[in-house]
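Engineer: Dumping the structure here so I can ask a few things about it.
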Amino acid sequence: MSSNEQERVLCYNGEVLVFQLSKGNFADKGPAEIPILHVRRMVFDRETSAFVQKSTGSFSIKEEDSDLKILCCNCVSDFRTGMNLPYIMIQCNEKNNVFKYVLLFLHSTNKFEKCLSFKLAHELKDGLGVFNGPLIIWKHVKTFFYLSPQTSEIITVSINFSSIEWAGEIENLGMVLLGQKKYYLSEEESTSEPSKSDYAVWNTRFCVCFLESEEVISDTYIIPPAYSSVITCVHVCATEFVNNKLRMSLIALTRRNQLISFQNGTPKSVCQLPFEDPCAIQLMDSGEDRLLVVSFRSSACGVWEKNFQVAAKWEQISSVLIDDFIGTGTEQVLLLLKDSLNSDCLSSFKITDLDNINYSSQTLDCNKDDVFEDKEDNRYLVIPALERRVKVSVYVCFVLFFFGSMLF
């Protein structure tokens with residue numbers, strides 16, 4: 001891939017979508033003035049054990065003098081139909097420090113549809129998230145903003161969220177936001193003089209609020225305050241509103257390189273991860289058990305949901321995708337390997353369900369020593385450094401079990 005091209009990959013309905021933003025066209029014929037967004041639909045051929053091109057599409061971006069870059073791509077639901085569609089978001093750097101943003105839907109005919117377009121006097125850097133709708137949320141300085149086709153204008157979030165981890169629709173409630181909000185302990189709530197580390201933990205709490213009215217629905221039964229300061233990523237598994245109380249099942253990553261599951265505000269299982277700085281969680285449904293796939297900067301690992309034990313780990317990974325690439329009715333993990341000698345991102349890969357399905361373009365850095373079988377059960381490990389903070393708080397509503405020095 002040349003220096004004036006950008007590439008992203010995404011999976012959708014068993015296909016791999018390869019987006020490429022470049023000047024001109026793939027063949028480099030003719031003038032390279034108008035930026036063009038290309039897409040290739042790739043499918044896996046089981047006979048040749050390779051990905052083959054199914055179809056292509058393109059979209060001309062009429063921003064000739066702009067510096068363009070791909071911000072993100074994923075799949076979200078379209079509020080008009082409720083169907084999941086692939087999207088790609090592009091930033092155009094215009095003159096006078098004006099930044100234009102365009103979100104495009106990709107349809108099955110390979111036609112791109114401009115869903116949202118807006119301009120800002122600042123660049124989107126922090127807290128950017130695209131959720132179902134599509135709903136775009138971002139942070140500038142200390143304030144969050146959002147925009148969707150329904151609002152048609154940029155809305156300021158008045159609640160002092162320090163982060164927004166998730167936005168979605170809950171039955172009988174509507175569209176809500178899940179994020180961390182700063183709280184201040186009153187004299188009645190503090191039984192002793194807290195240390196600076198205690199205060200840093202207990203003045204931040206996860207809460208859920210309505211998107212439109214910003215009324216707080218609940219700040220309990222989500223994640224205990226003792227964990228708030230170490231949580232870096234949240235994946236919401238299930239939500240329900242029963243007897244005027246919000247119940248949530250979610251999985252979170254921490255700064256301690258741990259994967260923790262929470263059920264209605266109570267930590268249920270903890271797994272110490274094999275690599276540092278986890279950044280994303282995906283779920284793979286293999287039919288019998290779900291695999292929690294955690295991504296790192298250049299590696300990944302799989303953790304079985306039933307026992308929260310590490311099942312496998314892989315290194316030298318560029319992307320991790322989950323879908324039914326083989327067409328068996330269950331999902332597999334597609335690992336795209338780093339290969340600086342080949343410009344085709346699908347030339348080095350492995351497809352596996354950690355059982356009977358295994359396809360690989362080459363020998364992956366994952367051997368028998370990297371595939372874990374029955375290990376010591378670690379479902380109830382906790383963060384020892386947080387135990388003291390939990391005990392001094394009046395908010396203690398769960399039992400922590402000490403795990404010793406194995407987590408550090």
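What follows draws every value from the coordinates through simple rules; no lab data is involved. Since the structure is predicted, the reported quantities are computational estimates derived from the model, not experimental observations. We place every Cβ from the backbone using ideal geometry, glycine too, and count neighbours over all the protein chains shown.
Engineer: Using a simple spin-label model with points 7 Å from Cα along the Cα→Cβ vector, what separation in nm is obtained for D45 and F118?
Structural biologist: Calculated label separation equals 4.5 nm.
Engineer: Beyond 28 Å between alpha-carbons counts as too far, so tell me which of K100/K142; K54/K139; K69/K114; K114/K350; K69/K139 fall in that bin.
Structural biologist: Values: K100/K142 21 Å; K54/K139 38 Å; K69/K114 16 Å; K114/K350 34 Å; K69/K139 19 Å.
Beyond 28 Å: K54/K139; K114/K350.
Engineer: What distance in nm lies between label points placed 7 Å from Cα along the C-beta direction at K54 and T266?
Structural biologist: 4.4
Engineer: Length gain on complete extension for the stretch R290 to D277, per 0.36 nm per residue less the alpha carbon to alpha carbon distance?
Structural biologist: 2.4 nm
Engineer: Related question: Gain in length, T81 to S318, computed as 0.36 nm per residue apart minus the alpha-carbon separation, to one decimal in nm?
Structural biologist: Gain in length upon complete extension: 82.0 nm.
Engineer: Provide the descending list of Cα extents for segment 61-120 along its principal axes, expressed in whole angstroms.
Structural biologist: Principal extents (largest minus smallest coordinate, Cα): 38, 21, 16 Å.
Engineer: Something else: State the Kirkwood hydrodynamic radius of segment 265-335 in Å, one decimal place, computed from all pairs of distinct Cα atoms.
Structural biologist: Roughly 12.7 Å, rounded to one decimal.
Engineer: Separate question: Label points 7 Å out from Cα along the Cβ direction at N160 and K182: separation in nm?
Structural biologist: Here the answer is 0.5 nm between the modelled labels.
Engineer: If I stretch the segment between E212 and N358 completely, what's the gain in nm (0.36 nm per residue apart, minus their alpha carbon distance), one decimal?
Structural biologist: 47.9 nm
Engineer: Follow-up question, since we're still on this one. Got a sec? How would I326, I351 order by Cβ neighbour count within 10 Å, fewest to most?
Structural biologist: Going from sparsest to densest Cβ surroundings: I326, I351.
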